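Notes follow the structure.
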Amino acid sequence: EPLPAGEVGELVFRSRAGGHHRYIGSEAATGEWRGYGDLASIDADGWVHLADRRTDLIVSGGVNVYPAEVESALEAHPEVQSAVVIGLPDDDLGQYVHAVVQVAPATDPARFEEGLRAHLRDHLAGPKIPRRFELVDHPLRDDAGKVRRSAVRAQRLAALEVTR
């Protein structure tokens, strides 16, 4: 079903008969309509804007949180070199927003989080602001700028199980 301009939904496309394509890391799609889990919107001029991947979507207290949107706001802060946002389990909300943040060298962690939260309040709605920040000093993305959020999430979930 087509959506109104600006509304986010799953991006699908019609397959041509005999068309040959493959999305690396995904099962082969069958049928007339195909999609690979990308969430997107189309603007009034017909341009497609990718929002995120369905598997990375965080639902916190009924609010859809797109990790890419939160990462973009985090990376707009001058002391943030890169960020990865994931959802972790929460008994009340379903998931909470957790950010792994690579900070610039010589960043003072004691003052950093307060300034980062103030910065995010200017860029994001309250439910999208991460509940927890995990500060790291190593790169989070590969040379191509990619990160596997599922692997980051699995590592954090394993650490949570150890601490229970």
Across the range 34-48, which residue is surrounded by the fewest Cβ atoms within 10 Å (Cβ to Cβ) among those that are small (Gly, Ala, Ser) and touching a residue at least 24 places away in the same chain (Cβ under 8 Å)?
ALA44
Return yes or no: is VAL152 of a type outside the set (S, T, N, Q) and modelled with pLDDT of 95 or more?
no
Please determine whether any residue of the range 23-30 is more than 15 Å from ILE129 (Cβ to Cβ), modelled with pLDDT under 90, surrounded by fewer than 17 Cβ atoms within 10 Å (Cβ to Cβ) and touching a strand residue (DSSP E or B) at 6+ places or on another chain (Cβ under 6 Å).
yes
Is it true that GLU161 is farther than 15 Å from VAL80 by Cβ and either in a helix (DSSP H, G or I) or of a type in the set (Val, Ile, Thr) (or both)?
yes
When the residues of the range 130-150 are filtered to those that are surrounded by 11 or more Cβ atoms within 10 Å (Cβ to Cβ) and either free of Cβ contacts under 8 Å to residues at least 12 places away in the same chain or assigned to a loop (DSSP other than H, G, I, E, B) (or both), which remaining residue is farthest from the chain's Cα centre (by Cα)?
PRO139
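The values are calculated or read from the model by the stated rules, or taken from the named source; none is laboratory data. What you see is a predicted model, and the numbers here were worked out from it, not measured in a lab. Neighbour counts are summed over all protein chains in view; Cβ atoms, including those assigned to glycine, are modelled from backbone coordinates with ideal geometry.
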